[in-house]
Amino acid sequence: MKASYVIKRILLTIFIFLVVITLCFFIPRIGVSDPASRYYPAQTAGMSDEEYEYIKEQIRIQYGLNGSTFQQYINYMADLFTGDLGTSYQTGSPKVIDCIAECLPWTLVLSVSNLLISLVIGILIGTMAAWKRGRWQDKLLLNASTITTALPAFFIALILSFYLGFEWEIFPAYTDQNMTANFDWSWQAISTVMYNAALPVFAMVIGGIVSYAQSTRNSVIAVSGDDFILTAKAKGLSNNKVIYGHTLRNAMLPIVTQFGMNVSGLIGGSVVIEQIFNWNGMGTLFLTANSNNDYPLMMGIMIFMSAFALVANLLTDFVYSLLDPRVTLGERR
Amino acid sequence: MKVLKNVGLFCWRFLCGVGRFFKKLWQHKQGRVGLIIVAFLAVLAIFAPLIAPYDPYDVTQRAEKGLTPSWEHLLGTSITTGQDIFSMLIYGTRSSLSIGLITGVVIAVLGSLLGIAAGYLGGWVDTLIMRVVDVLLVIPSLPLVIVMTNVLGTSYAVIVLVFAAFGWTGLARVVRSQVILIKNANYVKAAELVGASKWYIMWRHILPAVSNLLIMSTALTSAGIMVAEAGLSFLGLGNPTAISWGKMLADAQSGGAMLFGHWWSILAPGIGIFLSVYSFMRIGLALEEILNPKMRKGSSMVKVFKHLNNTYLDEVFASMDEASRLKGEYAGDALPEEVKTETLALETYAPLTGGVPEVVPAEEIAIELPAAEIAAENAENEAGAPPAESAAPAEESAPAQTRGGRHRRSKKPGKPRVETKDGGDK
Amino acid sequence: MNALEVKNLKVIFPTEMGIVRAVEGIDIEIEQGKCAAIVGESGCGKSVTSLAVMKLLSTPPAIVRVDKLELGGTDIKGLTDKQMQKVRGKDVAMIFQDALTALNPVMQVGKQIDEIFLAHNLSDGENGKTGRVNRKKEAKRRTIEALKLVGISDAELRYKAYPHQLSGGMRQRVLIAMAFACNPNLIIADEPTTALDVTIQAQVLDVLKDLQRKRNTSLMLITHDLSIVMNMADEIYVMYCGKIVERGTTREIFKDPLHPYTMGLLGSIARIGDAKSRFVQIPSSLPSPIHKPSGCYFHPRCQYAGERCKTEMPPLEKLEGGRCVRCWNYKEIKNGKNG
């Protein structure tokens, strides 16, 4: 791994980030001549046009929507470099960064547990299916993977919340709103979170497990046909050595890539599920911001998600180049 | 006149190709299931007004809200509006299929054009397109789609446009790496040497090789788009005037179907989504298998072995003995009498290793499409790569898309590494 | 005592298209310290034979039957896979064709050689230290020794290299070092130099030959290239379509080939001082392993084929001095050539 590669890669990341910020700024403003218009009060009788203009201008300044769009863009970028994501239009004008900080952990509870469970169980199942290649276990996995990919997670979530939540009342179908407000790291609070998270995680994990299992299976089968596996056997290595030292070690390379992709989509991946279970995460926050035309919050969330994805990609590449000596950091993209 | 004749010939060959393509798909068990379901859904969509007992768009045909299933309303009525759920289910086919298919085609066109441009032209075009791909891969797509529908409205055109704008990246990457592979193939180099123009090479060599990939990925992306569209309309961000399955689910949920125990109003649209997505995926995966015979070999091996019994095997092995071939005229050493031959019981996990002759007949490898035909001819004539090569990176578009795939060590150091899975011949 | 004795080895691959008869009952005997070459076109069953001897063919896809399989006098026919693991690498080792794919791309080459010593408990320290760390140290010391032995300079440095960082010849040397690591009785070299340039080929073959002579190891050399065989092998088996068609000492085969196929193979190599104006080529190509021709498998490509050749498979006739040939007309062909 050469330093020049690393520098090139980081510069590219910064460039992409700037483009992303620009897009996140301008896309919500497409075709909107005056985004602040929805906050203007009606022009009361007896108010002169100048007065009304003044009031409108005050509102624009309040929301940071004064000046030309380009001027706003420059201001926004300047703020961003000082680490300020702006102020939300929500009542009480909270800082965008505080809104995100409040909701992020709850999304992470869902998506991280989903990712880890999918990864571990998926790899186990996939390895087993590769082992039993062509037998019923393998066929079951293949069918399960087409079926679960065709079943959207939100439909699984609805079915789960219908039966496990409403009919049999095993798990809560709606998240207890006190859970997030009064979280205090007590055992009680943690168990409440786990209890509430059970259904959403379950709904997400089904597709995740199957997808990891399927790619693990394909990868293991592809690798176990490679010549070096034969060499390893010809050396007289035990089966365990061959499988863990050579087959799985090489088969995990594409899984690392897939895992990295999933990590980069970690925050934005549970929007619909959060909506169904009324989970106070980033998805819900974003939907609220969207319906309120809350520009700073919308942009803040999208920029945050993109930054997260960029960092995740960078880390994945780094980890990958450690695992596969044939690949240098700058090369794999 | 000559032009007309050529056009006619082209159309005829195209139709023949399409016919053969469907025949191949029909012969594939999984593909047939997909085809049947798609045909069924297409009939539902086209003849929806004739099949559906009520017109869900007609406000006068609404019944009482939240009726339970009866003969009058097979799946009851919607909780929020009182529309007949069965009729809505049938009408919903229209939006799901049309958006899925149209977007799939748009993505196929966009992705292949940009992928070919990036891969074949290289240079700044490649850099530019790949940078755009980088940006689009980083931006969270669902939030951005939500924002864009919020800004641009929720008409069908906008939804198709937005999905296409974010959906082409994966295909473009696959196409690009495939094109680079072909571009560096010797038969293309040879064509360039004898003075073939860029357009000729693109038309005769690159497009045919990519076309198989495109058809397969269109089926799979269509399936993906259907899920995404359902999700979007479930969030209430789809076309509010149209009837779609996602919106039916949203209505059922917000109307309290859960509380009232109206499971049919959740299950019915869900099954609709499932069937349409499932059938497209079946077709996509079937095409993948047809294009890539290597994938199917492994599973059939067990089947072959199941049909072998010991007496048959004994016969096979005995037929290879010197004595039986000679019919008693064996001149050398006599065979040891009744040698107990044993099958070496070995670990079943060991891979299929070298030395097994590849016995895949050429016609098994590629499905014939009009364009693919030309590719096959070219490949044969110029003793270049067999048509199977075009199927090589097909694995990449499998549902579980792993970015970049497994990295192949490049055979010649210094050559640009192309991101493909090992699917080609060794 | 023979280093390897195989009697009546048969391998088939059942496939959807039919049964592939890869190897149809062949006998091989290799004396200790000698080199036997198995020569034939690609697809004739050479590689399958080598894998079957290592018992590396699995069921499925292959079905293997053999009457006798002995390594250095010990029967390995009935050994389970677990027991075979102790034999592989230690008593019999293998050198594969393409060193780039035969080496694990994500593992340092030195570590890959270490594995052999560790697997066969050969790295237990001489001074009785058997701790994990000591064993690894000892394995590394032995690996570096083995690398030096095959002529790799800077062995300590190369120990840490990954396969893609080495040149083709270097990689093949690593494979050779790997094969000789445990000083096995028999080494099977499956086309060891096909992937290399001619100059590198000669170097690698020299290393191989040198080590083989020094260590008195037996070598089973599998190749399609008769020119390699000339300097390396003591005995040659010519294989065609899964059967042995001719067997003899290298001298005999080169001086006086009996089978028309062997003549064809010899006719297609160039020799210095050769007066022939053109190469003799064998027409057409190897028949499909599923649908082999009736009678002698070679008859469709044989210019001497008669009526009998089309219907009856000739026996592998034993001549004086261990020479064998599978042809109905070898006497007539020989006489015709001389006369």
Solvent exposure, largest accessible area first (probe 1.4 Å, DNA, RNA and ligands not counted), of C:His291, B:His73 = C:His291, B:His73
Over the protein assembly as shown, what is the percentage of antiparallel beta bridges among all DSSP beta bridges, to the nearest 5?
-> 65
Would you please give the residues with an amide H less than 5 Å from that of C:Val245, counting only those at least 5 places away or on a separate chain, with H modeled from the backbone geometry?
-> C:Val238, C:Met239, C:Tyr240
What is the helix-to-structure angle for C:132-149, meaning the angle in degrees between its Cα long axis and the longest Cα principal axis of chain C, kept from 0 to 90 and rounded to the nearest 10?
-> 50
What are the ³J(HN,Hα) values, in whole Hz, obtained from phi via the Karplus relation 6.51 cos²θ - 1.76 cosθ + 1.60 with θ = phi - 60°, for each residue of the stretch B:97-105 in sequence order, with x given for Gly and Pro?
-> 5, 5, 5, x, 5, 4, 4, x, 5
Rolling a 1.4 angstrom probe over the protein heavy atoms, how many square angstrom per residue are accessible across the protein assembly as shown?
-> 44
Hey, what did the stretch A:96-323 get for relative contact order, percent, Cα under 8 Å, at least 6 apart?
-> 31
Could you pull out the pairs from A:Lys139/C:Lys86; C:Lys10/C:Lys90; C:Lys214/C:Lys255; A:Lys241/C:Lys140; A:Lys233/C:Lys292; B:Lys29/B:Lys183 whose alpha carbons sit more than 23 Å apart here?
-> A:Lys139/C:Lys86; C:Lys10/C:Lys90; C:Lys214/C:Lys255; A:Lys233/C:Lys292; B:Lys29/B:Lys183
Mind checking the mean number of beta-carbon atoms from other chains within 10 Å of the Cβ atoms in A:130-139?
-> 4
Over the stretch A:34-84, what percent of the accessible surface lies on carbon and sulfur atoms, probe 1.4 Å?
-> 53
Pseudo-spin-label distance B:Ser70 to B:Ala196, built 7 Å along Cα→Cβ, given in nm, is 7.0
Give the interface area between chains A and B as buried accessible surface, both sides summed, probe 1.4 Å, in Å² to the nearest 100.
-> 6200
Just the number, please: buried accessible area between A and C, total of both chains, 1.4 angstrom probe, nearest 100 square angstrom.
-> 1900
For the stretch C:96-107, just list the computed ³J(HN,Hα) in residue order, Karplus coefficients 6.51, -1.76 and 1.60, θ = phi - 60°, integers in Hz, with x standing in for Gly and Pro.
-> 8, 5, 9, 5, 5, 8, 7, 9, 5, x, 10, 10
Efficiency of FRET from Cβ geometry, B:Val125 and B:Leu4, R₀ 35 Å, rounded to 0.05 | 0.45
Accessible surface of A:Lys139 - all protein chains present, 1.4 Å probe, nearest 10 Å² = 100
With everything on Cα atoms, drop me the angle between helix C:198-215 and the longest principal axis of chain C, reported from 0 to 90° to the nearest 10.
-> 70
Which ³J(HN,Hα) values, rounded to whole Hz and listed in residue order, are derived for the stretch B:311-318 from phi using the Karplus coefficients 6.51, -1.76 and 1.60 in 6.51 cos²θ - 1.76 cosθ + 1.60 with θ = phi - 60°, glycine and proline given as x?
-> 5, 5, 4, 4, 4, 4, 5, 5
In degrees, nearest ten, helix A:69-81 long axis to first principal axis of chain A (Cα) = 60
If contacts are Cα pairs under 8 angstrom and at least 6 residues apart, what is the relative contact order of the stretch B:1-139 in percent?
-> 14
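If you restrict to DSSP beta bridges whose two residues both lie in chain C, what percentage is antiparallel, to the nearest 5?
60
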Whole-number percent relative contact order across chain C, with pairs defined as alpha carbons under 8 Å at least 6 apart = 20
Listed by chain and number, the residues whose amide H is under 5 Å from that of C:Glu317, excluding neighbours fewer than 5 places away on the same chain and using placed H, are C:Val325, C:Arg326, C:Cys327
Test item: C:9-16 mean partner chain Cβ contacts at 10 Å = 6
So what's the gap between the Cα centers of the stretch B:115-148 and the stretch C:1-70, to the nearest angstrom?
-> 53
Sort the stretch A:34-84 into rounded, prolate or oblate with this rule: let a ≥ b ≥ c be the square roots of the eigenvalues of the Cα gyration tensor; rounded if a/c is under 1.5, and if a/c is not under 1.5, prolate when a/b is larger than b/c, oblate otherwise.
-> prolate
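The values are calculated or read from the model by the stated rules, or taken from the named source; none is laboratory data. No experiment lies behind these values; they were computed from the predicted model shown. So basically every Cβ, Gly included, is an ideal-geometry build from the backbone, and we count neighbours across all protein chains shown. Surface accessibility is based on the protein's heavy atoms, side chains included, excluding ligands, DNA and RNA. Shrake-Rupley method; radii C 1.70, N 1.55, O 1.52, S 1.80 Å.
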